[in-house]
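Peer 1: This structure is in C-alpha cells; I'll ask about it shortly.
The values are calculated or read from the model by the stated rules, or taken from the named source; none is laboratory data. Note that the structure is predicted; figures quoted are calculated from it, not measured. Every residue, glycine as well, gets a Cβ built from its backbone with ideal geometry; the counts of neighbours run over all protein chains shown. Keep in mind that these areas ignore ligands, DNA and RNA; they rest on the heavy atoms of the full protein, side chains included. Shrake-Rupley method; radii C 1.70, N 1.55, O 1.52, S 1.80 Å.
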Amino acid sequence: MFSDALIKEFQTIVGKPNVLQGEADRQAYSYDAAVLEPVVPALAVCPQTSEALGQVVRVCNQNGIPLTPRGSGTNLSGGTIPERGGIVLLTNALNKIIEINTQDLYAVVQPGVVTARFAAEVARQGLFYPPDPGSMAVSTLGGNVAENAGGLRGLKYGVTKDYVMGVDFFDVNGELVKSGSRTVKCVTGLNLSGLQVASEGTLGVFNEIVFKLVPPPAANKAMMAVFDDIDKASETVAAIIAAHIVPCTLEILDHSTIKYVEDYTKAGMPVTAQAILLIEVDGHPVQVAEEAEKVVTLCKKAGAVDVTTARDEAEHNKLWEARRAALPALARARPTTVLEDATVPRSQIPAMIRAINTIAQKHQLDVGTFGHAGDGNLHPTFLCDRRDAKEFERVEQAVDEIFDVALSLKGTLSGEHGIGLAKAKWLEKETSAATIAYAKALKKAVDPKGILNPGKIIGG
C-alpha cells in the first residue's frame, strides 16, 4: 500500500474525491474487455485538468509507481489491465471538445471524449469523422488512438491513425511534448504523433489530440446479400474488390452469428442463410447508383440467393444496427466470449474462414465469425465457459492455430484490437527478435523506470 504522504500528494493534485482507494473502486478498474485475469490496482486517480494529469505522471515517475492510462476500458487485448502495486490513471474527466474547425477541417479534443459523442458533434457541424469502432458508444478517443482502433468503415476511409494530425502528450517527467500540427502537411521533427498511435500508453500519456475531418458523402446505399454457402460469400468479397469497387463498408456474418443476432434483435435476419454480406457504397449520387448496381450483379453472379437494397434511412439503419449487435448477441450465448481479430490480405478471406471453421470443428468448439471482410479483418468469436478448464484449454489451442494460419497467409496478429498483454507472446512470430529489441530500446530511452503501462506489447 502507498504511504499516507503519497496518497495525500495525489489528493492535493487531483482533489480528495478523485483518488479512489475503496476495494469496490479498485476492483472496478482491475480488468478490461479481454478474457484475462484481473489485477487490482493500489489506487485509481482521476485528474480533472491537464495540469493535474501531468503532475500525476511526474509523481509516479519520481516514486517508481507503475501507471496505466485508461479511458472506458473497452479494449480486447488487456491493454488497460494495471500492474500490481500501481495506479490506474483515469482520463474520462478530460472530455472537452476544444475546437471543431470547419474551415480548415480539423478538431482538437481531450483524450476522454467519447467517440460517438465526437462523431455526432462533428456531423452537426456538417463534417465527417469516419473511424467507427464497434465500441464507439462508450470508447474514448484517447483509447482509440492508443489502440489504433478500426471499425466498419475502415475499408474505404481507413482507421484512427489516418486521422491523427497531432498528439500532445506528457513524458514520464510530466513535461508536455508537442507533436504534429493543425496543417495538412507537417514534417517538423520526428513523427512523434505517429509513434504514439497504437502505443497503448507505453510511451506517453495523451493530453490533447488533433484529428483530421472530411466532408460527408453526398449519398449512400446499403445492401444485404444472402448466401447458402459461406465460401460463396467470402469469394464474393474478393470479387467486389477485384472489380475495383471500394465500398465504405463490406461486412460478413456467418450462420451462427446470424442466428444469435436475430434472436437478440428480432430484426428479420435470414436465419437459414449460411452467410450474409452487408455492403454500403457512398459518394456522389451517380457513382453510388452505378456501384450499387455493379455490387448487386457481382453478388448474384457469385451465387447469392437474394440481394436486397435498403429503401430508406430506417431500413439502412436497421441493417447496421443488426451488424453492431453481433458481439453482444454472441456474448449472451455462453458465460465467456473470446473475440479475436485475425486479419489477412483480402484475397485470403475464403481460406481464412475455411480454416477457422475447420479449427473450431477439430476442437469441438462453438464459434461465430463476423467482421470487416472488405479489409480482411475477421472476428472469430468462441463461445465457451472459462470455468470449464478443459474447454477453455481447447479455446486457447484453437486461437493459437488461427494465428498460425493468419500469419501463414501473410496476415497479422491484430487488425484493430492491439497487442496488449493478450498477444504479446506471439509478437516475435510476426516480427523478429530484432524488432522487439529495437522497441525495448526505444521504451527504455523514453521511460527508464518502466512506469508507463508496463508489460504491454513487448512484455516486461
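Peer 1: Just going by the charge dipole of the stretch 236-393, with Lys and Arg at +1 and Asp and Glu at -1 on Cβ, which of S347, T358, T272 is farthest out on the positive end?
Peer 2: T358
Peer 1: While we're looking at this one, here's another question. When the accessible area of the chain is computed with all protein chains present and a 1.4 Å probe, what percentage of it is carbon and sulfur? Walk me through the numbers before you get to the answer.
Peer 2: On the way: 10170 of 19610 Å².
The C+S portion of the solvent-accessible surface of the chain is 52 percent.
Peer 1: Another question, if that's okay. Would you mind counting up the charge near M136? Only other residues with Cβ under 10 Å from its Cβ, with Lys and Arg at +1 and Asp and Glu at -1. If you can, show how the numbers build up before the last one.
Peer 2: Values: positive: R117, R324; negative: D132.
Taking every Cβ under 10 Å from that of M136, the sum is +1.
Peer 1: Nothing charged except the Cβ atoms of Lys and Arg (+1) and of Asp and Glu (-1): what's the magnitude of the dipole of the chain about its Cα centre? Round to the nearest 20 debye.
Peer 2: In debye, rounded to 20, the chain gives about 580.
Peer 1: Now for a different question. For the Cα atoms of the chain, what angle does the longest principal axis make with the long axis of helix 4-14, in degrees from 0 to 90, nearest 10?
Peer 2: Approximately 60 degrees, to the nearest 10.
Peer 1: Another question about this same structure. Just reorder Y438, Y29 by solvent-accessible area, largest first, 1.4 Å probe, all chains present.
Peer 2: Sorted descending by solvent-accessible area, the residues read Y438, Y29.
Peer 1: On the full set of protein chains, 1.4 Å probe, figure out the accessible area of M165 and give it in Å² to the nearest 10.
Peer 2: The accessible area of M165 comes to roughly 40 Å².
Peer 1: Taking R0 as 35 Å, what FRET efficiency do you get between E99 and Q287 from their Cβ-Cβ distance, rounded to the nearest 0.05?
Peer 2: On the way: r = 32 Å, r/R0 = 0.92.
Plugging the Cβ-Cβ distance into 1/(1 + (r/R0)^6) gives 0.60.
Peer 1: With a 10 Å radius around each residue's Cβ, average the other Cβ atoms per peptide and rank 416-424, 18-26, 295-303, highest first. Don't skip to the answer; put the middle values down first.
Peer 2: On the way: 416-424: 24.1, 18-26: 14.3, 295-303: 17.9.
Per-residue Cβ counts within 10 Å, averaged per peptide and sorted highest first, yield 416-424, 295-303, 18-26.
Peer 1: Let me ask something else. Is the stretch 399-460 rounded, prolate or oblate when judged by the Cα gyration tensor, a ≥ b ≥ c being the square roots of its eigenvalues, rounded requiring a/c under 1.5 and prolate requiring a/b larger than b/c? Show your work: numbers first, answer last.
Peer 2: Working: a/c = 2.93, a/b = 1.96, b/c = 1.49.
Prolate is the answer for the stretch 399-460, as a/c is 1.5 or above and a/b outweighs b/c.
Peer 1: Which of the lysines could a cross-linker span from K300 if the Cα-Cα distance has to be under 18 Å and same-chain partners fewer than 8 positions apart are dropped?
Peer 2: K221, K232
Peer 1: Return the tail of the calculated pair distribution for the stretch 177-292, meaning the percent of Cα-Cα pairs more than 22 Å apart.
Peer 2: Details: 3889 of 6670 pairs.
Of the Cα pairs, 58 percent sit more than 22 Å apart.
Peer 1: Between the stretch 111-156 and the stretch 299-375, how far is it from one alpha carbon centroid to the other, in angstrom?
Peer 2: Their Cα centres are 22 Å away from one another.
Peer 1: State, to one decimal in nm, how far the label point of A267 lies from the label point of R332, with both points 7 Å from Cα in the Cβ direction.
Peer 2: The modelled label-to-label distance comes out at 1.3 nm.
Peer 1: Taking the stretch 351-460 as the region of interest, what is the percent of Cα-Cα pairs per 5 angstrom bin, listed from the shortest bin to the one with the maximum distance?
Peer 2: 2, 10, 19, 19, 18, 13, 10, 7, 3, 0
Peer 1: Could you sort the peptides 242-250, 370-378 by per-residue average Cβ neighbour count (10 Å cutoff), highest mean leading? Let's see the in-between values first.
Peer 2: Values: 242-250: 18.2, 370-378: 27.3.
Per-residue mean Cβ counts within 10 Å order the peptides as 370-378, 242-250.
Peer 1: As a test question: what accessible area, to the nearest 10 Å², does K259 have when a 1.4 Å probe is rolled over all protein chains in place?
Peer 2: 100 Å²
Peer 1: Let me ask something else. If you average the sequence gap of Cα pairs under 8 Å that are 6 or more apart and divide by the length of the chain, what percent do you get for the contact order?
Peer 2: On the way: 988 pairs, mean separation 70.8, N = 460.
Relative contact order for the chain comes out at 15 percent.
Peer 1: By average Cβ neighbour count within 10 Å, what is the ranking of 114-120, 69-75, 99-105 from highest down? The partial results should precede the final answer.
Peer 2: Details: 114-120: 18.3, 69-75: 25.4, 99-105: 13.1.
In descending order of packing, they fall as 69-75, 114-120, 99-105.
Peer 1: Could you bin all the Cα-Cα distances of the stretch 103-247 into 5 Å bins starting at 0 and give me the percent of pairs in each, rounded to whole numbers?
Peer 2: 2, 9, 16, 20, 17, 12, 10, 7, 4, 2, 1, 0
Peer 1: Given the stretch 265-325, report the % of alpha carbon pairs whose separation exceeds 19 Å. Don't skip to the end; give the middle numbers.
Peer 2: Details: 655 of 1830 pairs.
Taking all Cα-Cα pairs of the stretch 265-325, the fraction more than 19 Å apart is 36 percent.
Peer 1: Counting only heavy atoms of the protein chains, get the accessible area per residue of the chain (1.4 Å probe) and round it to a whole Å² value.
Peer 2: Dividing the accessible area of the chain by its residue count gives 43 Å².
Peer 1: Going by a ≥ b ≥ c, the root eigenvalues of the Cα gyration tensor, does the stretch 132-217 fall in the rounded group (a/c under 1.5), the prolate group (a/b larger than b/c) or the oblate group? Show your work: numbers first, answer last.
Peer 2: Values: a/c = 2.25, a/b = 1.36, b/c = 1.65.
Oblate shape, in that a/c is at least 1.5 and b/c is the bigger or equal ratio.
Peer 1: Helix 285-301 versus the longest principal axis of the chain: what angle, 0 to 90°, nearest 10, using Cα atoms?
Peer 2: Once rounded, the angle reads 60 degrees.
Peer 1: Eigenvalues of the Cα gyration tensor times 5, then square-rooted: what semi-axes does that give for the stretch 381-429, in whole angstrom, largest first? Mind dumping the intermediate values first?
Peer 2: Values: eigenvalues 91, 30, 19 Å².
Square roots of five times the eigenvalues give 21, 12, 10 Å.
Peer 1: Using only the alpha-carbon atoms, how far is helix 433-446 inclined from the longest principal axis of the chain? Give it as 0 to 90 degrees, nearest 10.
Peer 2: Here the helix axis deviates by roughly 40 degrees.
Peer 1: Hey, could you grab the Kirkwood Rh for the stretch 272-385? Inverse mean 1/r over distinct alpha carbon pairs, Å, one decimal. Before the final figure, lay out the partial values.
Peer 2: Working: mean 1/r = 0.0624 Å⁻¹.
16.0 Å is the Kirkwood radius here.
Peer 1: Normalising by the residue count of the stretch 1-144, find the relative contact order in percent from Cα pairs under 8 Å and 6+ residues apart.
Peer 2: On the way: 265 pairs, mean separation 29.4, N = 144.
Computed over the stretch 1-144, the figure is 20 percent.
Peer 1: Would you tally the net charge around R334, using a Cβ to Cβ cut-off of less than 12 Å, leaving R334 out, and scoring K and R as +1, D and E as -1? Mind dumping the intermediate values first?
Peer 2: Details: positive: R332, R386, R387; negative: D366, D385, D388, E391.
Local net charge: -1.
Peer 1: If you don't mind, another one. Report, as a whole number in µm² per second, the diffusion coefficient that Stokes-Einstein gives for the stretch 19-162 at 37 °C and 0.692 mPa s using the Kirkwood radius over alpha carbon pairs. Please report the intermediate quantities before stating the final value.
Peer 2: Working: Rh = 16.1 Å.
D, rounded to a whole number, is 204 µm²/s.
Peer 1: Right, here's the next one. Any idea what the relative contact order of the stretch 366-460 is, in percent, if you count C-alpha pairs under 8 Å spaced at least 6 apart?
Peer 2: Working: 67 pairs, mean separation 17.2, N = 95.
With pairs under 8 Å counted, the relative contact order is 18 percent.
Peer 1: Taking a quarter of the surface of the convex hull around the Cα atoms of the stretch 167-233, what do you get in nm²? The partial results should precede the final answer.
Peer 2: Values: hull surface 34.6 nm².
If you wrap the Cα atoms of the stretch 167-233 in a convex hull and average its projections, you get 8.6 nm².
Peer 1: Give me Rg over Rh for the stretch 30-90, both radii from the alpha carbons and Rh done the Kirkwood way, two decimal places.
Peer 2: 0.98
Peer 1: Quick one: in the stretch 124-163, what % of C-alpha pairs are over 12 Å apart? Numbers along the way, then the final one.
Peer 2: Numbers: 430 of 780 pairs.
Looking at the stretch 124-163, the distances longer than 12 Å represent 55 percent of pairs.
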